[in-house]
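Please read the structure below before turning to the comments.
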Amino acid sequence: MRRSKPVVSFVWTGVLIFLGVFLGQALAEEAPRLTKDELKGLMGKPDVVVIDVRAKSDWEGSKEKIQGAVREDPKKVKEWANKYPQDKTLIFYCA
């Protein structure tokens, strides 16, 4: 029996959406998080880089920024990722 292309496409789309949501949640749960106090203890250390990855409009409109943090475009990771040495601890924040 032959299945129609729209049905197969619909099924594959559903599978991909499910996997995307499932994998996204799994990866997000594995990301280590810091408290404010933990971050304060790391600030100023030469081997730590704090990177603000908020959208440009959110960053520009915000009065709250972490002093010493650098802003990088989250949509252009390939353009800036290699400029940070691998021996540094990178801390990303977006809120």
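Can you tell me how region 32-95 classifies by the Cα gyration tensor, rounded, prolate or oblate, using a/c under 1.5 as the rounded cut? Walk me through the numbers on the way to the answer.
Values: a/c = 1.96, a/b = 1.10, b/c = 1.79.
Since a/c reaches 1.5 but b/c is at least a/b, the shape of region 32-95 is classed as oblate.
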Legend entry - Backbone HN-Hα couplings from phi across region 42-58 [Karplus 6.51/-1.76/1.60, Hz, Gly and Pro as x]: 8, 4, x, 6, x, 9, 10, 10, 9, 10, 8, 10, 6, 4, 3, 5, 5
Inset, instruction - Check the straight Cα-Cα distances from K76 and name the lysines below 28 Å, setting aside those fewer than 8 residues away within the same chain. - result: K36, K40, K45, K56, K63, K65, K88
Inset, instruction - Within the set of other residues whose C-beta is less than 11 Å from the C-beta of R54, count the net charge using Lys and Arg as +1 and Asp and Glu as -1. - result: -3
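Computed from the coordinates by the stated procedures, all read-outs in this text should not be read as laboratory data. Predicted model only: the values in this text are computed from it and were never measured. FYI the Cβ positions are ideal-geometry reconstructions off the backbone, even for glycines, and counts take in every protein chain you see.
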